[in-house]
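Input: a single structure, listed below in structure tokens.
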Amino acid sequence: MRRYLMFMVALLVVSACGKEVTKVNASLTVSKTEIRLTADASVEELEIESSVDWMINGIPEWCGTVRPSYGTAGKHTVRIRGRFYDEKADRSAELTVVAGDKQVPVLLVQTGKRTVRVEADKVRIPSAGGSVKLTVDADYAYDMTIEQQGGWLACASSDLPLQGEIVLNAVANTGSADRKATLTFAGKTGEDP
């Protein structure tokens, strides 16, 4: 019994002398404090530089992958991929990069699905030219570009409506070959696509 008691006392002394976890004075730098993912499972990168081991906390389930989500001291590139997202509303979460005694919050936002619907995907314009109206229904403010040769097609509308008509003016085609133009709709610069 005495031997057993001595063994228990020795075990308690050994366990009490275990390594104490302390927060280390670390340096931590992240390249962005906000990451924006699109609804179509886009990928963004986050650069992390730390003097000690680091990890990312708060990764939401809707975020496809965060690789790596932890690492050792040094410079690392983290790739963050969203999942496909069909809702219109944006969603967000706050990630926290932790290294020793340092924590840096990073806002993660995935934009909702944005669409511009146009009534027709192909429009034929008479060779005499004239005006053409396209009906649009958009979820967001957009810009429209016209890809063409010769500058024969121009947008006559001063504003691009979220819902309504866009008027295009075509110059008469005096040649014998068909002309083609492609309209591209994209998010306004500085706004979510």
Candidate set: segment 96-144, residues that are among the acidic types (D, E) and more than 25 Å from the chain's Cα centre (by Cα); chosen: the one nearest to K75 (Cα to Cα) = D101
For A73, state whether it is in contact with a Leu (Cβ under 7 Å, 6 or more places away or on another chain) and surrounded by 15 or more Cβ atoms within 10 Å (Cβ to Cβ).
-> no
Any residue at all in segment 169-179 that is among the polar types (S, T, N, Q), within 30 Å of the chain's Cα centre (by Cα) and in a strand (DSSP E or B)?
-> no
Members of segment 77-131 that are at pLDDT 90 or above, among the hydroxyl-bearing types (S, T, Y) and within 30 Å of A154 (Cα to Cα) | S127, S131
Selection status of Q163, more than 30 Å from R36 (Cα to Cα) and open to solvent by 50 Å² or more (accessible area, probe 1.4 Å) | no
Of those in segment 39-64 that are in a strand (DSSP E or B) and within 30 Å of Y140 (Cα to Cα), the residue most open to solvent (accessible area, probe 1.4 Å) is D40
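The values are calculated or read from the model by the stated rules, or taken from the named source; none is laboratory data. What you see is a predicted model, and the numbers here were worked out from it, not measured in a lab. In this analysis, Cβ positions are derived from the backbone assuming ideal geometry, glycine residues included, and neighbour counts consider all displayed protein chains. Accessible surface is based on the protein model in full, side chains and every heavy atom, while ligands, DNA and RNA are left aside. Shrake-Rupley method; radii C 1.70, N 1.55, O 1.52, S 1.80 Å.
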